[in-house]
Amino acid sequence: MFSSGLPEVRFVHDIYTSYRAVRDNNQHFAQIMNTGSDWKPVSLPGQHQTYILVIGESARRDYLHAFGGKYPNTPWLDSVPATLFTQYISAGPSTVLSLTNTLARRQGNATELNNNIVTLASRAGFETWWISNQGRKGHFDSPVALMGESADHVYFSKSASSDDRLYSPDSQLLPQLDTALKQGQGKKLIVLHLMGSHPQACVRTQGQYDIDTGAKEISCYIKSVTMTDQLLKQVYNMAERDGGDWSMMYFSDHGLSYINKDTAGAYLTHGDKTRENYDVPFFILDKNQTDKATVPVRRSGLRFLETFAQWLKIRTPDIPESCDMLSAEDCSDEHQVLNFKGELMNYDELPSVK
């Protein structure tokens, strides 16, 4: 059994609830990946040479200082000239539910795993990398891993499933990023999938923390955000060194909610009952950006493909162009999120528990 001392039964139950929503689709997902994609993209002028997409894990927006959090745990993001999307909400409350519905096309209630961001970029002439610190074959990982495996170059730090109980620093992805940046001469899309701040936080930090909040797991969580900020600084510096004309995007897959709030035993885990389960950081920066900027209007992970296509300067008839997702334009239909059962619900009807 786990050794963290947390109420693990609740943690496992929360994860298993979302797992059941995708369990029966795994065979279907594998079959549909074999059909190939049907994207028909064209590239627009002004593309960067290198695009780096960093997918974070379990980061609540209100715990990042750069997004208004009270703890000074993002010194790099505080100082870098990035565009912060301050009202971005994740598609779902857990990794698989969120990322399958963020990174792949939805048609009605069906998720077309074959039509994902990697196959879109490939069809548009990008050489693609998927570099992951999460698992490859576990129940919770496999649909996301299947999308990753459609890349030209694939690396998973774990050949089996993600074992959340083991220390697995995201820095081990940097040598693979170094190779990707230096390899090839054409357009590139490089995706880094982190372990980030995944519960349990003290596993991520090896029990270390800088700020004592009176609850060890919360203190470790704050430290895990700092570790991600430090990693993103390294990614940025490597892009500056070897990325040519580059752009970098980061978002977290989902947020978390409190258990035993305001007690010494407080911690954060998966949930779908509060806005903070969906309030996540999202930012973009590139080689040419010199000033900080914000996009203070709502953006939804369920419409991420629109944002992604505009970021890569790709146009395809399969993705609508109803709004300028990279600007401060107020777009419509930005209130839906998925619960653990995979059902759509109204984010605005959820309470906020900070």
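The values are calculated or read from the model by the stated rules, or taken from the named source; none is laboratory data. Small disclaimer: the values here were computed from a predicted structure and weren't measured. Glycine gets a Cβ as well: all are built from the backbone with ideal geometry, and neighbour counts include every protein chain shown. Accessible surface areas use protein heavy atoms only, side chains included; no ligands, DNA or RNA. Shrake-Rupley method; radii C 1.70, N 1.55, O 1.52, S 1.80 Å.
Evaluate segment 231-290: find the radius of gyration of its Cα atoms, find its Kirkwood radius, and give the ratio Rg to Rh.
Rg/Rh: 1.20.
Based on Cβ point charges of +1 for Lys and Arg and -1 for Asp and Glu, what charge dipole magnitude is obtained for segment 106-218 about its Cα centre, in debye rounded to the nearest 20?
So the magnitude is around 280 debye.
³J(HN,Hα) across segment 97-107 via Karplus (A = 6.51, B = -1.76, C = 1.60, θ = phi - 60°), whole Hz, x for Gly/Pro?
Per residue, the Karplus-derived 3J(HN,Hα) values read 4, 5, 6, 5, 8, 9, 8, 10, 6, 9, 10 Hz.
Between Lys40 and Met345, what length comes free when the chain is fully extended (0.36 nm per residue of separation minus the Cα-Cα distance, one decimal in nm)?
106.7 nm
Averaged per residue, what accessible surface does the chain expose to a 1.4 Å probe, in Å²?
Values: 14120 Å² over 354 residues.
Here the residues of the chain average 40 Å² of exposed surface.
Treating only the Cβ atoms of Lys and Arg (+1) and Asp and Glu (-1) as charged, compute the dipole magnitude of segment 225-354 about its Cα centre; round to the nearest 20 debye. Don't jump to the answer; show the numbers that get you there.
On the way: 14 positive and 22 negative charges, 78 e Å.
For segment 225-354, the charge dipole is close to 380 debye.
To two decimal places, what compactness ratio does the chain give when its Cα radius of gyration is scaled by 2.2 N^0.38 Å?
Details: Rg = 18.8 Å, N = 354, 2.2 N^0.38 = 20.5 Å.
Ratio of Rg to 2.2 N^0.38 Å for the chain: 0.92.
Counting pairs on different chains as well as pairs 8 or more places apart, how many Lys pairs in segment 112-249 have Cα atoms under 29 Å apart?
15
With r defined as the distance between the Cβ atoms of Asp62 and Ser322 and R0 fixed at 30 Å, what FRET efficiency is calculated, to the nearest 0.05?
Efficiency, from the Cβ-Cβ distance: 0.55.
State log₁₀ I(q)/I(0) for segment 26-150 at q = 0.10, 0.14, 0.22 Å⁻¹ as given by the Debye formula over alpha-carbon point scatterers of equal weight, solvent excluded.
Values returned for q = 0.10, 0.14, 0.22 Å⁻¹ are -0.40, -0.76, -1.33.
For the pair Leu174/Glu329, report the inter-label distance in nm, with labels modelled 7 Å from Cα in the Cβ direction.
It works out to 3.9 nm between the two label points.
How many percent of the alpha carbon pairs in segment 255-354 exceed a separation of 20 Å?
Every Cα pair in segment 255-354 considered, those over 20 Å come to 51 percent.
Counting Lys +1, Arg +1, Asp -1, Glu -1, what net charge surrounds Asn346 among other residues with beta carbon under 14 Å of its beta carbon? Don't jump to the answer; show the numbers that get you there.
Values: positive: Lys273, Arg275, Arg298; negative: Asp272, Asp333, Glu334, Glu343, Asp348, Glu349.
Taking every other residue near Asn346 into account, the sum is -3.
For segment 200-354, which whole percent of the accessible surface, found with a 1.4 angstrom probe, sits on carbon and sulfur atoms?
46
Rg and Dmax of segment 140-250 over Cα atoms: what are they, in angstrom?
Expressed in Å, the Cα Rg and Dmax of segment 140-250 come to 15.7, 51.
Quick check: at a probe of 1.4 Å, how many percent of the accessible area of segment 61-199 sits on carbon and sulfur atoms?
Carbon and sulfur together cover 47 percent of it.
Of Tyr71, Asn34, Leu326, which is farthest on the positive side of the dipole of the chain, counting Cα position, with +1 on Lys and Arg Cβ, -1 on Asp and Glu Cβ, and the Cα centre as origin?
The residue sitting farthest along the positive end of the dipole is Asn34.
Could you size up the charge dipole of segment 197-255 around its Cα centre, putting +1 on the beta carbon of Lys and Arg and -1 on that of Asp and Glu, and report it in debye to the nearest 20?
180
Please give the contour-minus-distance gain from Lys70 to Ser352: 0.36 nm per residue of separation, less the Cα-Cα distance, rounded to one decimal in nm.
In short, 99.8 nm is gained.
If R₀ is 25 angstrom, what is the calculated FRET efficiency for the pair Lys273 and Glu149, using the beta carbon separation as r and rounding to 0.05?
0.15
Could you rank Leu99, Leu44 by how accessible they are, 1.4 Å probe, largest area first?
Ranking Leu99, Leu44 by accessible area, largest first, yields Leu44, Leu99.
Along its principal axes, what span do the Cα atoms of segment 193-257 show, with the longest given first and each in whole Å?
Between the extreme Cα coordinates on each principal axis of segment 193-257 lie 45, 23, 16 Å.
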